[in-house]
Number of protein chains: 2
Amino acid sequence: MANPIDFYFDFSSPYGYFAAEKIDALAAKHGRTVHWRPLLLGAVFKINGQQPLATIPMKGSYAKHDMLRSARWLGVSFKIPGKFPISTIAPCRVYYWLQTQDAALAKQFAVAAYRAYFKEDRDISSSEVTANIAAKLGLEKTTVLQALENPAVKERTKIEVDAAIERGVFGSPYIVVDGEPFWGADRLDQVDAWLTKGKW
Amino acid sequence: MANPIDFYFDFSSPYGYFAAEKIDALAAKHGRTVHWRPLLLGAVFKINGQQPLATIPMKGSYAKHDMLRSARWLGVSFKIPGKFPISTIAPCRVYYWLQTQDAALAKQFAVAAYRAYFKEDRDISSSEVTANIAAKLGLEKTTVLQALENPAVKERTKIEVDAAIERGVFGSPYIVVDGEPFWGADRLDQVDAWLTKGKW
């Protein structure tokens, strides 16, 4: 049984969203599954002294242009949200809370949260919005809002994010195939090649 | 007559080197020529508060791994130099000095300087090394060393670098096709598509 692919992403990352729309089908083509692992890039950037892409002078305006062009290139429906970037601790916590109970449902939630933010411009930094997205998948909204305040859920999320940083994940998307790391939606072709033939 | 493609790069940039090994052939396929425009990323990074890729925590070690893997991916012969990154003001000045006299020779020099640094690990931040590279192309070594101290050459270089920054160039390689900017060696496939069919 082949190892699952680790897929790290931040819910506020457009390139993470693009990869999210592609990674499961890519993996399935090679008989692999994908372990989705949201993280909080804010925590990483604090360590590295980095800034969110969109806020860097010169690079920021290019990045917005590249995001739109790359979305068309990849055939992914995408808009730059009105509020961007945002804190993504709410969807991250809901994801890990669900993941301990039902991994497939957690992934459905992740896809729904990404699309809500990048297709419908809904502000998923809001607990309310995040709980509404989960409610659409059949969960009780009040239960979701309680989970967001649950110390065990907070702790689980912190452990996952710390483990990602410990592993060296510094960006989104960050994909690990049998120990080999690939950063960026523009490395999906290399991920495909690695899954086909291994190291080149 | 179609516009030449603008190709911005820093002589200390591995991804710039990869693009340098590909861009002329890619352009020729579409009946285009390429205007090579070296710049000094140090000047850009000062404005943007950026750090050289290789020195950023976490990102730096990944970047070195990605450079080696991308070189093999693109079929370009490459080693990470012992001294990296370096100041590239010497080759940049020699390039612009030559460019006013003989654009084809200037490009030959640029290719030779890139290969000296990234294939043979020669330290092109040194005026001596840079002059030796130019001498191999038939230039008088003492003339090259004099050019490096020539105020007019320094001024020309400064004007070119300032113009690049003014245009928004923040990285290497940075390729502009009919006003459309592409950043990164991993955008060469998009450059190819843009040259084929224009905007998608």
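Observations
- Cα gyration tensor shape for region B:65-198, rounded if a/c is under 1.5, else prolate or oblate: oblate
- For region B:161-178, accessible area lost to neighbouring protein chains reaches 50 Å² or more, against the chain alone with a 1.4 Å probe, at B:170.
- With every protein chain in place, the protein assembly as shown: carbon and sulfur % of accessible area (1.4 Å): 53 percent
- For the options B:80, B:175, B:89, a Gaussian network treatment of chain B with springs between C-alpha atoms closer than 10 Å singles out B:80 as fluctuating the most.
- For residue B:122, residues with placed amide H under 5 Å, excluding near neighbours: B:117
- Residue of A:119, A:83, A:46 that the Gaussian network model of chain A assigns the largest fluctuation, springs spanning Cα pairs under 10 Å: A:46
- Annotation: amide H of residue A:5 within the under-5 Å range of A:33, A:34, A:35, sequence separation 5 or more or interchain, hydrogens built in the peptide plane.
- Helix-only CD estimate at 222 nm, as mean residue ellipticity for chain A, using -39500 (n - 2.57) per DSSP H run (n ≥ 4): -17000 deg cm²/dmol
- Within straight-line cross-link reach of residue B:199, aspartates and glutamates at Cα separation under 12 Å, skipping those fewer than 8 residues along the same chain: B:178, B:180
- Label geometry 7 Å along the beta-carbon vector: residue B:197 inter-copy distances in nm: 2.6
- The A and B chains share an interface that buries close to 3000 Å² of accessible area, total over both sides, probe 1.4 Å.
- Shielding score for A:68-76, defined as the mean number of other chain Cβ atoms within 10 Å: 2
- Sorting A:58, A:1 by solvent-accessible area of protein heavy atoms yields A:1, A:58, largest first, with a 1.4 Å probe.
- Couplings 3J(HN,Hα) for region A:3-11, derived from phi with the Karplus relation 6.51 cos²θ - 1.76 cosθ + 1.60 (θ = phi - 60°), are 4, x, 7, 8, 10, 9, 7, 10, 5 Hz, where x marks Gly and Pro.
- Within chain A, helices built from complete DSSP H runs that reach 15 Å or longer along their own axis (Cα positions) and carry a mean Kyte-Doolittle hydropathy of 0.0 or higher are A:103-118.
- Think of a 1.4 Å ball rolled over the protein heavy atoms: the protein assembly as shown then has 43 Å² of accessible area per residue.
- Computed about its Cα centre, the charge dipole of region B:29-70 is approximately 180 debye, with only Lys, Arg, Asp and Glu carrying charge at their Cβ.
The values are calculated or read from the model by the stated rules, or taken from the named source; none is laboratory data. It should be emphasised that the depicted structure is a prediction, and the values quoted were computed from it without experimental measurement. All Cβ positions, glycine included, derive from the backbone under ideal geometry; neighbour counts span all protein chains shown. Surface areas here come from the heavy atoms of the whole protein model, side chains and all, with no ligands, DNA or RNA. Shrake-Rupley method; radii C 1.70, N 1.55, O 1.52, S 1.80 Å.
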